[in-house]
Every structure is written in C-alpha cells, then in structure tokens.
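A short reminder: the numbers here are calculations on the coordinates, not readings from a lab. Just so it is clear, the model here is predicted, and its values are computed rather than measured. Counting neighbours? That spans all protein chains shown, and the Cβs are built from the backbone with ideal geometry, glycine included.
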Amino acid sequence: MSETADRVKKIVVEHLGVEAEKVTEDASFIDDLGADSLDIVELVMAFEEEFGVEIPDDAAEKISTVKDAITYIDEHKG
Amino acid sequence: MFDLTGMTALVTGASGGIGSAIAKGLAAQGARLAVSGSNVAKLEAFLGELGGEGHVAVPCDLSDAAAVDALVPQAVEALGGRIDILVNNAGVTRDNLAMRMKDDEWDQVIRVNLEAAFRLIRAAAKPMMKQRFGRVVSITSVVGQTGNPGQANYAASKAGLVGMSKALAQELASRNITVNCVAPGFIRSAMTDVLPDAQKQALTARIPAGDLGTGEDIAAAVVYLASKEAGYVTGQTIHVNGGMAMV
C-alpha cells in the first residue's frame with residue numbers, strides 16, 4: 001500500500017470515526033462510511049492540509065471513494 | 001447556569017459601547033477572550049479595564065479582507081488552540097438618504113457589517129467543526145427588521161446577517177454549532193449619544209419600556225446564546241428593544 005493511501009485512510013478513520021477495516025479503497029464515503037456533505041467538506045480540507053494540495057470544488061465533487069481521493073492526491077501533490 | 005468557564009471567545013468591536021459590555025459579560029461567566037477592534041490604543045486600554053487572566057487583544061481593520069481572514073487563526077493561536085464563541089459585534093454606519101448615498105457609503109457598511117462577519121464565521125467554522133462545539137452570535141439591529149430612513153445600507157447589512165445566520169445555522173447544526181443573532185433596539189452608546197435631545201425624546205416615546213436600553217441588556221442575551229444551555233436554539237434572533245418592535 002502506498003504512503004498516500006496510509007495517510008488518507010488514517011484521516012478518514014479519524015474524521016469519520018469508523019473502524020480501519022471498513023476503510024477499503026473501494027469504500028464510498030457516503031454509502032459505505034456514513035459520511036454526510038459536511039463530512040466530505042471536512043475530509044477535503046483535511047486532505048488539503050495534510051498533503052499541501054488544493055482540491056477545487058469540481059474535483060472534490062468527483063471524489064466519492066477512498067481510492068478517488070488517493071488517486072487525486074497522488075496526481076496533484078508537489 | 002450559563003457558566004462559560006473553559007470556553008474561549010472572539011469578540012469584534014470589543015472596545016465600543018455594546019461590545020465592551022458583551023466582553024465583560026462573557027468574561028464574568030468565565031470565558032477567556034480575544035478582544036478585537038480597529039483602534040489599538042482603545043483596545044489595549046479596554047484589555048486593562050477587563051482585568052482578569054488570559055485575555056488577549058487582537059487588533060483588526062474589518063474593512064481589510066486579508067486582515068479579517070487572518071483574525072480567527074490569530075485569535076485561536078492566542079487563546080491556546082480553541083474558539084468556542086464568536087461574537088460579530090463590530091458595526092459601522094454611513095447614514096444617508098438613498099438618493100444621496102455614495103457607492104462608498106454602501107460598500108463600507110456592507111463590507112464591515114456583513115462581509116467581515118461571513119469571513120469570520122467561515123474561518124471559525126473550521127475549528128468549531130473539529131471541536132464539535134461552537135456558538136456564533138451576531139449583533140444585528142431592530143432596523144434590520146423594521147427599516148429606517150437614511151439607513152438603507154445599515155438595514156440591509158443587518159437583515160443580511162439574519163438571513164446568513166439562518167443558512168449557516170442549518171449547515172452547522174449537526175456539529176453542535178449554533179448560529180444566532182441578537183437585535184438591539186435603541187441602546188445608550190456612542191452611536192445614540194450623538195442624537196439631538198428632541199430626537200431622543202421622540203425615540204423614547206416609541207419604546208413601551210420608556211427608556212433606552214443598556215449594553216448589559218444586550219450582553220445578557222449574548223451570554224445566554226453562548227452558553228451550553230442554549231444548545232437547542234439556533235437560527236434565531238433575540239430582540240432586545242424594550243418592546244419597541246415585536247416580531
């Protein structure tokens with residue numbers, strides 16, 4: 001597992017208060033992990049802070065699974 | 001009840017008439033304060049007057065967007081990493097009949113009274129969401145509800161705060177963050193002291209309570225809304241006006 005994936009999963013576990021086993025790469029934030037729209041905003045802000053990337057609104061809308069987040073961050077982090 | 005011990009608060013316009021009463025009221029209930037204002041000397045003097053331990057001054061010009069965006073992070077750092085209460089109290093007037101009102105008079109009032117409040121709430125929402133606790137109280141005005149000739153800009157800014165607070169109350173309620181307003185009527189302050197006596201008498205005649213209010217009357221409502229006990233109250237406006245407008 002990549003280092004980005006580890007850090008992303010750690011943030012998701014912390015913010016959503018879910019068990020680490022549930023945070024698979026295919027897990028959908030809303031459908032599988034019980035996130036609401038405000039949770040998504042919080043997660044996006046946490047990713048931005050952790051990785052020093054900017055995730056614009058149109059990109060954030062497309063991030064629905066853990067894997068989407070990891071892929072976006074890997075493609076855009078400096 | 002209404003104990004604020006262990007809580008921290010940022011109060012804008014804290015060296016003014018109503019603002020200083022609000023700051024004193026919150027401090028008296030045990031909150032630690034970051035007091036803000038544009039006049040550094042006045043602010044430092046007020047900090048001395050406030051006494052107590054752990055309060056800080058964070059000067060800011062609320063017409064400067066970049067300075068406003070930096071204010072909440074500054075306050076959070078100065079208060080040791082928490083912001084439980086945000087009181088948007090600072091406000092300006094640039095009264096003029098609409099037909100004579102300059103663009104600048106409109107812009108200045110909207111920028112300080114409404115836009116700065118939005119910027120501060122937006123910045124404070126982040127730590128408040130993490131804390132799963134927050135209390136936002138914006139000071140509006142009876143004229144936001146009733147209107148007042150010569151104050152199209154001011155009335156718009158205050159009514160704007162009410163609508164904005166209702167939207168934000170809905171966005172943030174699930175995180176135990178409440179967003180409310182306190183709407184003063186005519187309160188003894190620098191803003192009302194300058195009115196001619198005849199006008200003051202005419203005003204008083206319209207107030208069932210028979211007198212102008214005080215900063216302490218406003219502070220009591222703010223303390224309530226800032227308290228843990230008011231957790232189920234959000235998106236509301238408490239009118240403190242001696243009965244001059246009942247809404």
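Over the Cα atoms of chain A, Rg to Rh with Kirkwood Rh, two decimal places?
On the way: Rg = 11.1 Å, Rh = 12.2 Å.
With Rh from the inverse mean 1/r over Cα pairs, Rg/Rh is 0.91.
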Modelled label-to-label distance, B:Ala209 and B:Asn176, 7 Å Cα→beta-carbon offset: nm?
3.3 nm
Binned at 10 Å starting from 0, the alpha-carbon pair-distance distribution of the stretch B:1-78 in whole percents comes out as 21, 54, 23, 2
Treat every Asp and Glu Cβ in chain A as -1 and every Lys and Arg Cβ as +1, leave all other atoms uncharged, and give the resulting dipole magnitude about the Cα centre to the nearest 20 debye.
200 debye
Please list, by residue number, every one of the trypsin sites (Lys or Arg not before Pro) in chain A that is coil in DSSP and has at most 13 other beta-carbon atoms within 10 Å.
A:Lys77
If you find the alpha carbon centre of the stretch B:189-207 and of the stretch B:209-231, how far apart are they in angstrom?
21 Å
Find the centroid of the Cα atoms in the stretch B:113-166 and in the stretch A:1-54, then give the distance between the two in whole Å.
32 Å
Charged-residue dipole, Cβ positions (Lys, Arg, Asp, Glu), the stretch B:1-98 about Cα centre, Debye nearest 20:
140 debye
Could you give the nm distance between label points at B:Asn148 and B:Gln236, where each point is 7 Å from its Cα heading toward the beta carbon?
2.5 nm
So how strong a dipole does the protein assembly as shown carry about its Cα centre when Lys and Arg Cβ are +1 and Asp and Glu Cβ are -1, to the nearest 20 debye?
1400 debye
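How much mean residue ellipticity at 222 nm does the protein assembly as shown get from its helices, if each DSSP H run of length 4 or more adds -39500 (n - 2.57) and you divide by all residues, to the nearest 500 deg cm²/dmol?
Details: 14 runs with 156 residues, N = 325.
Result for the protein assembly as shown, helices only: -14500 deg cm²/dmol.
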Out of the GluC sites (Glu not before Pro) in the stretch B:1-105, which ones are loop residues according to DSSP with at most 14 other C-beta atoms within 10 Å?
B:Glu53
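Please report the relative contact order for the stretch B:8-238, taking Cα pairs under 8 Å with a sequence separation of at least 6, and give it as a percent rounded to a whole number. Don't jump to the answer; show the numbers that get you there.
Values: 429 pairs, mean separation 49.9, N = 231.
Computed over the stretch B:8-238, the figure is 22 percent.
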Top mean-square fluctuation among A:Ser37, A:Ser64, A:Ser28, Gaussian network model of chain A, C-alpha springs under 10 Å?
A:Ser37
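Only loop residues by DSSP count here, and only those with at most 10 other Cβ atoms within 10 Å; note down the GluC sites (Glu not before Pro) in the stretch B:170-247 that meet that. The partial results should precede the final answer.
Working: sites: B:Glu171, B:Glu216, B:Glu229; in loops: none.
Those that pass, being in a loop and sparsely packed, number zero.
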How are the Cα pair distances of the protein assembly as shown distributed, in percent, across 10 Å bins from 0?
6, 24, 29, 21, 13, 5, 2, 0
The ratio Rg/Rh over the Cα atoms of chain B, Rh being the Kirkwood inverse mean 1/r radius, stands at 0.95
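Of the beta bridges DSSP finds with both residues in the protein assembly as shown, what % are antiparallel, to the nearest 5? Write out the running numbers ahead of the final one.
Working: 1 of 25 bridges.
Of the beta bridges lying entirely in the protein assembly as shown, close to 5 percent run antiparallel.
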One quarter of the C-alpha convex hull surface, i.e. the mean projected area of the stretch B:30-114 in nm², amounts to 6.5 nm²
As an exercise, use a Förster radius of 35 Å and the Cβ-Cβ distance of A:Lys67 and B:Lys130 to find the FRET efficiency, rounded to the nearest 0.05.
0.85
Expressed in nm to one decimal, what extension gain is obtained for the pair B:Ala167 and B:Lys228 from 0.36 nm per residue of sequence separation less their Cα-Cα distance?
19.8 nm
How far is helix B:65-78 tilted, in degrees, relative to the longest principal axis of the Cα atoms in chain B, given as a value from 0 to 90 rounded to the nearest 10?
40 degrees
For the cross-link pairs B:Lys126/B:Lys158; A:Lys22/A:Lys77; B:Lys126/B:Lys166; A:Lys9/B:Lys130; A:Lys10/A:Lys77; A:Lys10/A:Lys67, which exceed 22 Å when the distance is taken from alpha carbon to alpha carbon?
B:Lys126/B:Lys158; A:Lys22/A:Lys77
As an exercise, use a Förster radius of 35 Å and the Cβ-Cβ distance of B:Ala245 and A:Glu48 to find the FRET efficiency, rounded to the nearest 0.05.
0.20
